[in-house]
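Please treat every number below as a calculation from the coordinates, not as lab data. Computed from a predicted structure; not experimentally measured. As a convention, Cβ positions derive from the backbone with ideal geometry for all residues, glycine included, and neighbour counts pool all protein chains shown.
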Amino acid sequence: MADPEYPRRPVLTALSVPVAALLLFAGGALGSFSWMLVPSIVLCLVGGIWLLVAVMALSPSVILRAVTMVLMFVPMIGAPLSAMKASQALVLQARGVARPAVITRIAVHHGKTTTYGCTVRYDGSAKAAADAISCGRYDRVGDPVQVVRDPEGLVDPEFDGQVRAGRAAAVLAVASEIALIALSVSAVGVGGVIHIVGRRRKPAGSAMRARSTRVDGPSSSREGKHPYSVVSPPQE
């Protein structure tokens with residue numbers, strides 16, 4: 001009899017694992033476009049939940065599930081975030097226009113992580129720009145910078161140093177995606193082996209119990225007597 005917790009179509013479920021991982025990557029890449037924020041969040045949520053459900057369903061062992069969850073955590077977070085940074089940098093490399101500016105204010109945002117937003121004033125402008133640019137902890141007010149902007153505003157502006165690091169972000173995103181697919185597919189493969197071994201052991205155990213029942217005899221077990229016990233004749 002099949003395991004009720006194991007998917008009825010394990011091959012189809014296994015094939016959906018890399019698809020779910022790719023949805024995470026695609027959702028992260030779309031996140032750099034402000035007008036695609038909602039589809040990006042939807043893709044990341046669908047891909048992440050789909051991936052976890054599929055991998056957990058194809059992992060019969062509790063230990064395997066726990067180890068897989070721990071190993072998949074970092075690439076599941078890193079893949080979409082790196083893809084978002086890489087797509088933003090690549091768009092600015094292809095379409096961006098650099099303008100010199102000076103940092104006028106730095107806002108620090110505290111949460112699970114500390115982030116920094118820099119307000120700049122472009123050369124030749126009397127007022128600071130309205131939008132804040134993501135910056136780092138080592139940036140200071142008064143520092144001259146080069147800001148790369150997309151003429152049509154497809155993505156947010158960035159400092160030229162972050163734009164030049166676009167290739168490194170792309171490599172990190174691809175590496176995280178490959179690691180995520182490799183870990184999830186490996187867990188599915190190990191889970192499949194465990195499931196097959198468990199199914200082969202069940203018929204063997206059932207056969208052993210059936211032979212034991214035939215040797216003991218059903219009537220003797222019900223009456224509590226040994227099948228070869230001798231009954232003494234009644235005394236006159």
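Structure data summary
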read-out: Inter-probe distance in nm under a simple model that places probes 7 Å from Cα toward Cβ, at VAL74 and TRP35; value: 3.8 nm
read-out: Hz values of 3J(HN,Hα) by residue in the stretch 77-88 - Karplus curve (6.51, -1.76, 1.60), Gly and Pro given as x; value: 7, x, 4, x, 5, 5, 5, 5, 5, 5, 5, 5
read-out: Low-density loop positions, GluC sites (Glu not before Pro), the stretch 103-187 - DSSP coil, at most 10 other Cβ in 10 Å; value: GLU152
read-out: Selection of chymotrypsin sites (Phe, Trp or Tyr not before Pro), the stretch 112-186, meeting DSSP coil and at most 12 other Cβ within 10 Å; value: TYR138
read-out: Prolate/oblate/rounded call for the stretch 97-149, Cα gyration tensor, a/c under 1.5 rounded; value: prolate
read-out: Simple spin-label estimate for ALA94 and HIS109 in nanometres, 7 Å along Cα-Cβ; value: 2.7 nm
read-out: Label zone at VAL174 (point 7 Å along Cα-to-Cβ), backbone N below 12 Å, the stretch 40-74; value: none
read-out: Neighbour-limited loop hits for trypsin sites (Lys or Arg not before Pro), the stretch 110-208 (at most 13 other Cβ within 10 Å; DSSP other than H, G, I, E, B); value: LYS112, LYS127, ARG137, ARG140
read-out: Given charges at beta-carbon only (K, R positive; D, E negative), |dipole| of the stretch 97-149 in Debye; value: 100 debye
